Amino acid sequence: MQDSVCQLCGGCVFRNQSEEQYRQNKIADFQKTIALIKNSAPVFDAPVFIKDGSRRRADMAFQYVKKELKLGFNEVNSHNIVNVNVCPMLDSALENILPAVQGLLKEVCSIPITKKNKKKKPETVYIREGSAQLLLADNGIDILLNLSEEPSLEHRLAAADFVNAEENVCRLSWKIASNQPETVAEKMPPELHISGCVIEIPQGVFLQASKAAESAMIEKVLEYMGDTKGKIADLFCGLGTFTFPLAKIAGNEIIAADSSAPSLNGLQKALNRNQIHNVKVLNRNLFKYPFDAVDIKGVKALVLDPPRAGAHAQCREIANLAATDKPQKIVFVSCNPKTFVYDAEELMKSGYIFERVTLVDQFVYSKHQELIALFTYNSKPEKEHKND
């Protein structure tokens with residue numbers, strides 16, 4: 001039964017391959033993409049392969065039709081929902097909670113909602129579809145439901161009963177259309193533990209897909225940063241995955257910038273809670289307003305961790321800096337090697353050397369690839385090197 005579901009589901013399309021075959025193919029595809037970067041010869045460090053069954057977050061669609069609930073992922077090349085009762089890519093704690101979540105959603109979809117229609121007359125509607133975002137925090141499970149209708153008091157009571165009954169669930173929230181998430185029932189705030197710091201997780205913010213990947217990526221970022229200390233800018237910082245470990249290093253002064261208000265609020269709250277005083281937090285749309293010469297003045301190193309669209313505007317701004325203003329190092333974390341190709345070429349044209357790169361595979365048996373790369377600034381123009 002599980003095998004047939006996995007063949008239909010679009011979550012991990014290469015599950016029919018052996019682990020060795022899958023990993024060899026992923027390395028080959030990754031190297032082929034990096035080879036597109038002109039005039040580059042980076043050292044390929046050992047790839048990081050995350051174990052199957054370690055995913056700590058999942059965004060699952062649900063649909064209620066003819067008194068039957070479907071909760072799962074979309075079928076390959078389709079919007080049809082494949083009902084998932086077990087999922088080999090999920091951490092066992094998330095997999096074990098799926099039946100209870102299905103039960104809750106079936107109850108939620110069965111409760112009538114009375115609302116006024118356009119003619120201001122009362123009518124009865126039901127919640128029939130939406131999504132459930134599941135996150136395994138370091139102290140329990142956090143659930144965020146995306147719903148199409150405003151729930152009733154009866155829905156709230158059902159949600160509270162669910163959270164109280166499920167020992168491993170620490171919070172349940174819901175979000176209606178484009179509104180902000182609302183906490184409906186909470187036993188304790190979900191937490192993330194990084195570098196000895198406790199961070200409360202706001203609803204719906206981005207986190208790495210697995211704890212193991214998060215730890216491996218932090219380790220690699222610190223390795224690439226090496227002995228470089230001083231003023232460091234963590235751009236597209238999110239909730240502070242790299243901010244906290246960098247801030248813990250004596251002599252560092254961190255500038256953390258992002259445009260996600262919930263993430264930045266969570267980051268600032270955690271900095272205060274953990275009494276970390278060497279981090280300056282900035283709310284900044286780095287696509288429209290990238291760091292310029294004034295912002296980067298005195299910065300020794302950058303960490304760039306943009307979304308899939310890449311950091312084109314920021315890389316162009318860095319490339320246009322005077323030689324004396326360019327950071328010594330750039331540690332680039334990319335979740336899309338194809339957009340990374342453009343950004344890498346932009347940096348290299350301005351004198352940066354693409355030194356090292358690591359493949360990170362945390363979306364097991366999927367096409368998805370991530371990487372961490374190290375760029376160092378070559379203060380001597382190419383012509384000078386040729387004349388040496």
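The values are calculated or read from the model by the stated rules, or taken from the named source; none is laboratory data. Quantities reported herein were computed from a predicted structural model and do not represent experimental measurements. Here the Cβ positions follow ideal geometry from the backbone for every residue, glycine too, while neighbour counts run over all protein chains shown. Keep in mind that these areas ignore ligands, DNA and RNA; they rest on the heavy atoms of the full protein, side chains included. Shrake-Rupley method; radii C 1.70, N 1.55, O 1.52, S 1.80 Å.
Values for this structure:
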item	result
Using alpha-carbon coordinates, inclination of helix 211-225 to the longest axis of the chain, degrees	10 degrees
Solvent-accessible area per residue, Å², over region 27-71 with all protein chains present [probe radius 1.4 Å]	61 Å²
From phi via Karplus (6.51, -1.76, 1.60), per-residue ³J(HN,Hα) for region 233-247 in Hz, x at Gly/Pro	9, 9, 9, 6, 6, x, 7, x, 3, 9, 4, 5, x, 5, 5
Segment R316-L36, extension gain: residue separation times 0.36 nm, minus the distance between their alpha carbons	98.9 nm
Rounded to 5, the percent of DSSP beta bridges in region 234-388 classed as antiparallel	50 percent
Between helix 153-165 and the chain: long-axis angle, C-alpha atoms, 0 to 90°, nearest 10	70 degrees
Rounded to 10°, Cα long-axis angle of helix 19-34 versus longest principal axis of the chain	50 degrees
Accessible surface of region 175-268 [probe 1.4 Å, protein heavy atoms]: carbon and sulfur percent	50 percent
Size of electric dipole in region 51-150: Cβ of Lys, Arg +1 and of Asp, Glu -1, about Cα centre, debye, nearest 20	720 debye
Answer label for Rg and Dmax of the Cα atoms in Å (calculated), chosen among (i) 23.2, 84; (ii) 29.7, 104; (iii) 23.9, 75	(i)
Against the rule of thumb 2.2 N^0.38 Å, how large the Cα Rg of region 167-311 comes out	1.08
DSSP-assigned coil residues among trypsin sites (Lys or Arg not before Pro) in region 16-52, each with at most 14 further Cβ atoms within 10 Å	K38, K51
Of all DSSP beta bridges in region 77-218, antiparallel share, percent nearest 5	75 percent
Chain lengthening between D227 and I353 when straightened (0.36 nm per residue, less Cα-Cα)	43.6 nm
Beta bridges per DSSP with both ends in the chain, % antiparallel, nearest 5	60 percent
Distance from region 134-170 to region 47-109 (C-alpha centre basis), Å	15 Å
In sequence order, calculated HN-Hα J values of region 186-199 (Karplus, 6.51, -1.76, 1.60; Hz; x Gly/Pro)	8, 8, 7, x, x, 10, 10, 10, 9, 6, x, 9, 9, 10
Probe 1.4 Å, protein heavy atoms only - accessible area per residue of region 75-156 in square angstrom	52 Å²
Loop chymotrypsin sites (Phe, Trp or Tyr not before Pro), region 254-339 (other Cβ atoms within 10 Å of the site Cβ: 16 or fewer; DSSP)	F287
Neighbour net charge for S259 - beta-carbon separation under 12 angstrom, K R +1, D E -1	+1
For the chain: relative contact order, % (alpha-carbon pairs under 8 angstrom, 6 or more apart)	16 percent
Most positive-pole-ward Cα, N272, V65, H368, against dipole of the chain from beta carbon charges	V65
Unit charges at the beta carbon, dipole of region 157-259: most positive-side option, S173, T183, I199	I199
Dipole magnitude of region 182-281, debye to nearest 20 (Cβ charges: Lys/Arg +1, Asp/Glu -1, about Cα centre)	200 debye
